[in-house]
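What follows is a single structure, written as structure tokens, with notes after it.
The values are calculated or read from the model by the stated rules, or taken from the named source; none is laboratory data. None of the values given here were measured: they were computed from a predicted structure. Neighbour counts are summed over all protein chains in view; Cβ atoms, including those assigned to glycine, are modelled from backbone coordinates with ideal geometry. Side chains are part of the model used for accessible areas, which takes the heavy atoms of the whole protein and leaves out ligands, DNA and RNA. Shrake-Rupley method; radii C 1.70, N 1.55, O 1.52, S 1.80 Å.
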Amino acid sequence: LDQLLCGNTQSMTTPEALALSNEANALFVDEDYDGALDLYTQAIAAAPQSADLLVARAAVYLKLDDFPSAIGDANKAIQLQPSNAKALLRKGIACFSMEEYATAKTAFEKGRELDPNNNQFKTWLRKCNAELEDEMVGDEPPPPAAAPQHAPATQSA
């Protein structure tokens, strides 16, 4: 079950990639995102078929506000492992951050289907729906001008 939901990093990586990934994880926790990015990139070069490494690097790109790169890595991970809910979460967050709310919503809906107990999908879906509603309201033409209001009958002079 764990392998179906999250993938199995070890089965798709080399010992070198695993070591680099472990170092990158430590740097990520320490908020050294540039260092983590470099090490994840090296790990991906050693194990290009690892969806989990791509998902991890997408998380770094999110922290660095490089949303197009996060989407790219998430999409590659989804191609390699369509059942990777984390990849869909990363893609959705990156799309949301780029104000691509409909695309983000689609990613979050697919992710929720794969991992219905993950409340992050529900939270992000609510945010998407709110933004999409705001866009709909913003796209509507303004209401017709209201008739001038009459002054109340009792006016003080």
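Quick look at the numbers
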item	result
Accessible area in the full protein assembly, largest first, 1.4 Å probe, for 90, 112, 126, 57	126, 112, 90, 57
Residues of region 33-70 with amide N under 15 Å of the 7 Å Cα→Cβ point at residue 19	39-40, 42-44, 46-47
Cut-off 15 Å between beta-carbons: net charge of the residues surrounding residue 73, Lys and Arg +1, Asp and Glu -1	+2
Charged-residue dipole, Cβ positions (Lys, Arg, Asp, Glu), region 43-136 about Cα centre, Debye nearest 20	380 debye
Solvent-accessible area of residue 32 with every protein chain in place, 1.4 Å probe, in Å² to the nearest 10	60 Å²
Accessible surface, per residue, of region 1-136 when the full set of protein chains is kept, probe 1.4 Å, Å²	54 Å²
Length gained when the stretch residue 119-residue 34 is fully extended (0.36 nm per residue, less Cα-Cα span)	27.7 nm
